Amino acid sequence: MNNIEMIEEINRLKKEKNAVILAHYYQNEEIQKIADYVGDSLALSQIAANTKASIIVFCGVHFMAETAKILSPDKKVLLPVMNALCSMADMINEISLGKYKKENPDTVIVTYVNSTARTKALSDVCVTSSNALKIIDYYMNKNKKILYCPDLNLGKYAMDLKGYKFDVWNGFCSIHNDIDIKEVEKMKNKYKDALFIAHPECKLDVLKEASFVGSTKELIEYVTKSECNKFIIGTEMGVIYEMKRRNPNKEFIPVSGNLKCKDMKMTGLKDLYNCLKNETNEIIIDEDILSKARVCLDKMLELS
Ligand code: 13P
Ligand code: SF4
């Protein structure tokens, strides 16, 4: 079967099975093109929570499909490539977080969506890069002690921006964390007429160089609204597909050549086709974990 036939088959199977295809902006272009919805972590969780489809095929990484299952437990949720993981999500687990909670019983656990269901089950509230600042504000204004986990960079960014002090876990996204301040300075010098924009998973020194810091969706919206025509992009390269689609006459230059999340890029058309056809790679979560993890995701949706 060639790609055109495969695309036709995916579309046919989708209707036959009442399935919806969700894709994160970091997915390969061919997947973004065929998806029913392309979005950032927050938008995709909201769609997963409200869809009428019977099957959700989640083109992303494991924690995202798990999140969809937690929010839509009666739906069949499929992940085309089961070993598409997120290195940051695995930098915390229920043992280490459980220990922290025992030692800090009064602390509110604010957990980034890039985490496993087991970590979420021990958390009070979940956040994504779109709503982290708002939700952190909510608890800080109530004078609560918080732990922000597992992304050190986003936590440090929030503390610096708002003048807060709270505990932060020592996790990071290897793609964003690898962006070096020297590369940023070099690119800003090379493209003097371009604006540098970055995702809050980057290190604080890098973020301080940015004209705008935002979640994937916010970065796409920023370049679309901006009067500027050239941007240096400090996030995963997949976003450039949507930026270009919306702004064909603007120029987008990745700040470095290796901004590809290998796990996000594992999914190809064939994986999507096989998964939908055979209904394989179903996400199954232990009922007790699912109901506990649901509490922190519901809290996030309520506060978003
Ligand atoms: P957002 O989609 O929330 O911007 O997160 C980026 C990310 O790293 C997803 O894995
Ligand atoms: Fe995880 Fe980073 Fe890949 Fe996002 S880009 S899935 S945070 S490793």
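With charges set only on the Cβ (+1 for Lys and Arg, -1 for Asp and Glu), what does the dipole of the chain come to about its Cα centre, in debye to the nearest 20?
420 debye
With +1 on each Lys and Arg Cβ and -1 on each Asp and Glu Cβ, how big is the dipole of region 34-94 about its Cα centre, in debye rounded to the nearest 20?
260 debye
What order do you get for 284-294, 22-32 when each peptide is scored by the mean count of other beta carbon atoms within 10 Å, highest first?
The most tightly packed comes first, giving 22-32, 284-294.
Report, in debye and to the nearest 20, how large the dipole of region 161-285 comes out about its Cα centre when Lys and Arg carry +1 and Asp and Glu carry -1 on their Cβ.
Charge dipole of region 161-285: 400 debye, to the nearest 20.
Could you calculate the contour length gain from residue 260 to residue 29, that is, 0.36 nm times the residue separation minus the distance between their Cα atoms, to one decimal place in nm?
Separation in residues times 0.36 nm, less the Cα-Cα distance, equals 81.9 nm.
Taking a ≥ b ≥ c as the square roots of the eigenvalues of the Cα gyration tensor of region 126-170, is the shape rounded (a/c under 1.5), prolate (a/b larger than b/c) or oblate?
rounded
Please compute the net charge surrounding residue 272, taking Lys and Arg as +1 and Asp and Glu as -1 over other residues with Cβ under 14 Å from its Cβ.
-1
Multiply the residue separation of residue 76 and residue 101 by 0.36 nm, subtract the distance between their alpha-carbon atoms, and state the gained length in nm to one decimal.
5.7 nm
By count of other Cβ within 10 Å, fewest leading, how are 226, 41 ordered?
In increasing order of surrounding Cβ atoms, one gets 226, 41.
Tell me, in nm to one decimal, what length is gained between residue 226 and residue 4 on full extension, where the rule is 0.36 nm per residue of separation less the Cα-Cα distance?
76.3 nm
Of 220, 38, 28, which is farthest along the charge dipole of the chain in the positive direction, counting Lys and Arg as +1 and Asp and Glu as -1 at C-beta?
Positive-end residue among those listed: 220.
Can you tell me how region 180-221 classifies by the Cα gyration tensor, rounded, prolate or oblate, using a/c under 1.5 as the rounded cut?
Because a/c hits 1.5 or more and a/b fails to exceed b/c, region 180-221 counts as oblate.
Between 110, 207, 269, whose Cα lies farthest towards the positive end of the dipole of the chain when Lys and Arg beta carbons carry +1 and Asp and Glu beta carbons carry -1, centred on the Cα centre?
207
Report the FRET efficiency, 1/(1 + (r/R0)^6), for residue 301 and residue 270, where r is their Cβ-Cβ distance and R0 is 41 Å, rounded to 0.05.
Efficiency for this residue pair is about 0.75.
Hey, how many Å between the Cα centroid of region 25-89 and the Cα centroid of region 108-178?
Cα centroid to Cα centroid, the span is 22 Å.
According to the square roots a ≥ b ≥ c of the eigenvalues of the Cα gyration tensor, what is the shape class of the chain, taking rounded for a/c under 1.5, prolate for a/b larger than b/c otherwise, and oblate for the remainder?
Oblate.
Would you mind counting up the charge near residue 139? Only other residues with Cβ under 10 Å from its Cβ, with Lys and Arg at +1 and Asp and Glu at -1.
The answer is +1.
Could you work out the local net charge near residue 182, counting Lys and Arg as +1, Asp and Glu as -1, over the other residues with Cβ closer than 13 Å to its Cβ?
-2
Taken together, the values in this text are just the output of simple stated rules run on the coordinates, not laboratory data. Small disclaimer: the values here were computed from a predicted structure and weren't measured. Note that we place each Cβ from the backbone using ideal geometry, even for glycine, and neighbour counts take in every protein chain shown.
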